[in-house]
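Asker: There's a structure below that I have some questions on.
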Amino acid sequence: QVQLVESGGGLMQVGDSLRLSCVASGGTLNGYVMGWFRQAPGNDRDFVGRIWWSGGTTILADSAKGRFAISRDLAKNTVYLQMNSLKPEDTAVYYCAAVKPVPGWTMDSWREYTYWGQGTQVTVSS
């Protein structure tokens, strides 16, 4: 089975940059969509962005455009979330997820993803 492990979180300050990593193992990611989500206490698990593993095409949530970027390294089986100009509202547990796309689904809901990492905490102080 596919296993995902996030890393790179920590305690940051407003304006800092941070890159999160998601290392995949246990199977091929060909045909998969990889997603990034975040969840703050009391909030829903919100979509941040996604990337098609094979083609590398990315989609970002409106809230992430201009500050965040998603990329992947095929040789390392790793997906990255680059976060710049961090704000206190970015504070959350960040999750990496994967799924084989289902035709007609938007792929922007956590309910549509099958595999999940354990999450990594990002805290941005005001």
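Asker: Which ones in the range 17-73 are of a type in the set (G, A, S) and under 23 Å from T123 (Cβ atoms)?
Answerer: Looking only at the range 17-73, we keep the residues that are of a type in the set (G, A, S), and these are 17, 21, 24-27, 31, 35, 40, 42, 49, 54-56, 61, 63-64, 66, 69, 71.
Correct list: S17, S21, G35, A40, G42, G49, A61, S63, A64, G66, A69.
Asker: When A69 is evaluated against the numbered criteria (1) surrounded by fewer than 20 Cβ atoms within 10 Å (Cβ to Cβ); (2) more than 10 Å from the chain's Cα centre (by Cα); (3) more than 18 Å from L4 (Cα to Cα); (4) small (G, A, S), which criterion, by number, is the only one it fails?
Answerer: Of everything listed in (1) surrounded by fewer than 20 Cβ atoms within 10 Å (Cβ to Cβ); (2) more than 10 Å from the chain's Cα centre (by Cα); (3) more than 18 Å from L4 (Cα to Cα); (4) small (G, A, S), A69 misses just condition (2).
Asker: Also, quick follow-up: Give the residues of the range 73-123 that are more than 20 Å from V2 (Cα to Cα), among the hydrophobic types (A, V, I, L, M, F, W, C), open to solvent by 10 Å² or more (accessible area, probe 1.4 Å) and not in a loop (DSSP other than H, G, I, E, B), sorted by residue number.
Answerer: Within the range 73-123, just V93 meets the criteria.
Asker: Please go through the range 98-124 and give me each residue that is over 14 Å from G8 (Cα atoms) and either touching a Leu at 6+ places or on another chain (Cβ under 7 Å) or among the charged types (D, E, K, R) (or both), ordered by number. Outline the logic, then answer.
Answerer: We begin by selecting, within the range 98-124, every residue over 14 Å from G8 (Cα atoms); these are 98-116.
Hits for the range 98-124 are A98, K100, D108, R111, E112, Y115, W116.
Asker: Then there is this: Which members of the range 75-124 meet the condition of being at pLDDT 95 or above and aliphatic (A, V, I, L, M)?
Answerer: Answer for the range 75-124, where residues must be at pLDDT 95 or above and aliphatic (A, V, I, L, M): V79, L81, M83, L86, A92, V93, A97, A98, V99, V122, V124.
Asker: Quick check on the range 33-40. Is at least one of its residues touching a residue at least 24 places away in the same chain (Cβ under 8 Å), on the phi > 0 side of the Ramachandran plot and open to solvent by 50 Å² or more (accessible area, probe 1.4 Å)?
Answerer: Going through the range 33-40, the residues touching a residue at least 24 places away in the same chain (Cβ under 8 Å) turn out to be 33-40.
Checking which are on the phi > 0 side of the Ramachandran plot leaves us with none.
Checked against the condition, which is being touching a residue at least 24 places away in the same chain (Cβ under 8 Å), on the phi > 0 side of the Ramachandran plot and open to solvent by 50 Å² or more (accessible area, probe 1.4 Å), the range 33-40 yields no hits at all.
Asker: Look through the range 72-106, keep the residues that are more than 10 Å from the chain's Cα centre (by Cα) and polar (S, T, N, Q), and return whichever of them is nearest to R19 (Cα to Cα). Give the derivation first.
Answerer: The first filter runs over the range 72-106 and keeps only residues more than 10 Å from the chain's Cα centre (by Cα), leaving 72-78, 83-93, 99-106.
Then drop every residue that is not polar (S, T, N, Q), which leaves 77-78, 84-85, 91, 106.
Details: N77: 16, T78: 12, N84: 9, S85: 12, T91: 14, T106: 25 Å.
Top of the filtered list is N84.
The values are calculated or read from the model by the stated rules, or taken from the named source; none is laboratory data. Everything numeric in this text was worked out from a predicted model, so none of it was measured. FYI the Cβ positions are ideal-geometry reconstructions off the backbone, even for glycines, and counts take in every protein chain you see. Surface areas here come from the heavy atoms of the whole protein model, side chains and all, with no ligands, DNA or RNA. Shrake-Rupley method; radii C 1.70, N 1.55, O 1.52, S 1.80 Å.
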